[in-house]
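Q: So that we are looking at the same thing, I have put the structure below in structure tokens.
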Amino acid sequence: MQNELPKRKQIRLKNYDYSDNGYYFITICTKNKKPLLWKSVGAAICRPELSKYGKIAEKAIQGVSKHYSSVKIDKYVIMPDHIHLILIINSDNGRQVAAPTVMRVIGNMKRFASKEAEFSLWQKSFYEHVIRDEADYKKILEYMNTNVLKREIKERSLQKEGI
């Protein structure tokens, strides 16, 4: 009997077209969840600075709309070991010949950042959530904002303790 590798949990919605117009909440983690995206700074700084790799991630995020005319990044936050973003696909002219899918957009964004960093910056895959309505959107925005605030408070606390 052959050893079978564990099967990856399917996180995508079955029969959902990820090139459809809509809002998508995306989370991408750094490889092995290493905190590469923020600089380690003193406690006097309120908001941590992005590291070299954080700046590369930000450049990749900001480049999405330049490469895909029907895709926009509505909001993003860069955490030490992951990023959150809200991606909007809006193909006004109906279906394009090669409509970008969420997977294609995020895959190309991750490849660009890894190429710039000169190593594989990201974990395999990513988490996505199809934003269903305005209430869902507001809940996600609140989560994104409070997530970054909680982390900033934690970082300041650790720095004060000398950790």
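Q: From the list Ile140, Ile61, Ile78, Ile89, which residue is at negative phi, in contact with a Ser or Thr (Cβ under 8 Å, 6 or more places away or on another chain) and crowded, with 16+ Cβ neighbours inside 10 Å?
A: The match here is Ile89.
Q: Which of the residues spanning segment 11-45 are under 30 Å from Ala135 (Cβ atoms), buried (at least 16 other Cβ atoms within 10 Å of the Cβ), of a type in the set (Phe, Trp, Tyr) and at pLDDT below 95?
A: If the condition is that a residue be under 30 Å from Ala135 (Cβ atoms), buried (at least 16 other Cβ atoms within 10 Å of the Cβ), of a type in the set (Phe, Trp, Tyr) and at pLDDT below 95, then Tyr18 is the only one that fits.
Q: For segment 116-137, how many residues meet the condition of being surrounded by 13 or more Cβ atoms within 10 Å (Cβ to Cβ), among the charged types (D, E, K, R) and out of contact with any helix residue (DSSP H, G or I) (no Cβ under 9 Å at 6 or more places or on another chain)?
A: So the count comes out to 1.
The values are calculated or read from the model by the stated rules, or taken from the named source; none is laboratory data. For clarity, every value in this text was computed on a predicted model and none was experimentally measured. Methodologically, a virtual Cβ is constructed for each residue, glycine included, from the backbone with ideal geometry; neighbour enumeration extends over all protein chains shown.
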